[in-house]
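Contents: one structure, followed by commentary.
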Amino acid sequence: MQKYQEMFVQTCLDFNVLNVDGGFSLKGRKSPYLINMSAIPNVEALFVIGRCYAAAFLLGDTPNNDNLEEAFPILLGPPDTGEILAFATATVLSQEYAVKDVRFSSFRKEGSFSGNKERFLWAPLEIGSHVVIVTGVISSGTTIGMTIDVARERGAYVRGVIAGFDREDRGTSGFSVAKELSEQKGVFVQSIVGMRELMEYIREDPKYKLFLPRFEAYWKEYGAKEI
């Protein structure tokens, strides 16, 4: 794991965004952990996590992130949690990496706007706009898929998706939900950490190592056969 990945996991644990003591029920299945990005409690935690997203963007594999001076993409966050994550990431890129003209955007949910209200908030999306979607957790993929569709309906080009955590659950094909989503939508999908990195972190940390068997059992039953 790279330092920004370790920092992401440790920050989520420290601020109870991530709980690993088991006993959680998620859509009818028992989970050894719960990660809730909307539980970020304060600005300190938010901007540490924002640094992790910024590092993932700059160091990761998002297409065209090596040509930032020419056309920096709008960071598009799905309503609620994604919106604040996009804001934090944009702020870090601007203030700590001196990236110019960093913009972030979000949109109102279907049915929550009418009349003269613009659906998109903050930076407007226009035909030909380049966007990277910033979201919290990859689970079913529904929110990410909807956000890609909303951006494309506006005429924007979606460069990729960056999530904080990928559960790496097995999709309908047996492969990961992220892989299925990437193939269905034709968009590169990456995360700061996934289930396998989380297990690696737990394996190396004496404080959490006792929880590892629960994670391994969950992975055996629900984990994707190939990421």
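The values are calculated or read from the model by the stated rules, or taken from the named source; none is laboratory data. Values in this document were obtained by computation on a predicted structure and should not be read as measured data. Cβ sites come from the backbone with ideal geometry, for glycine too, and all protein chains shown count toward neighbours.
Side notes on the structure shown:
- Restricting the stretch 1-33 to residues that are in a loop (DSSP other than H, G, I, E, B) and exposed (fewer than 13 other Cβ atoms within 10 Å of the Cβ), the residue that is modelled with the highest pLDDT: Asp21
- Which numbered condition Glu183 fails, given (1) over 17 Å from Ser31 (Cα atoms); (2) part of a helix (DSSP H, G or I); (3) touching a helix residue (DSSP H, G or I) at 6+ places or on another chain (Cβ under 9 Å): (3)
- For the residues Ser105, Ser112, Ser94, Ser129, the requirement of being on the phi < 0 side of the Ramachandran plot, among the hydroxyl-bearing types (Ser, Thr, Tyr) and either in contact with a His (Cβ under 6 Å, 6 or more places away or on another chain) or at pLDDT below 75 (or both) singles out Ser112.
- Residues within the stretch 118-154 that are buried (at least 23 other Cβ atoms within 10 Å of the Cβ), touching a residue at least 60 places away in the same chain (Cβ under 8 Å) and in a strand (DSSP E or B), tallied: 3
- Scope the stretch 77-102; condition outside any loop (DSSP other than H, G, I, E, B), of a type in the set (Gly, Ala, Ser) and under 22 Å from Ile144 (Cα atoms); matching residues: Gly82, Ala86, Ala88, Ala90
- Scope the stretch 155-170; condition assigned to a loop (DSSP other than H, G, I, E, B) and buried (at least 17 other Cβ atoms within 10 Å of the Cβ); matching residues: Ala156, Arg167, Glu168
- Among the residues of the stretch 177-227, those that are under 18 Å from Gly164 (Cα atoms), in contact (Cβ under 8 Å) with a residue 40 or more places away in the chain and hydroxyl-bearing (Ser, Thr, Tyr) comprise Ser191, Tyr201.
- Yes/no for Lys179 being under 18 Å from the mean Cα position of the chain (by Cα) and at pLDDT below 95: yes
- Of residues in the stretch 46-80 being aliphatic (A, V, I, L, M) and more than 14 Å from the chain's Cα centre (by Cα), the one modelled with the lowest pLDDT: Leu68
- Selected residue (criterion: surrounded by the fewest Cβ atoms within 10 Å (Cβ to Cβ)) from residues of the stretch 34-56 that are in contact with a strand residue (DSSP E or B) (Cβ under 6 Å, 6 or more places away or on another chain) and closer than 19 Å to Phe215 by Cβ: Leu34
- Any hit, the stretch 219-226, residues being assigned to a helix (DSSP H, G or I) and within 12 Å of the chain's Cα centre (by Cα): no
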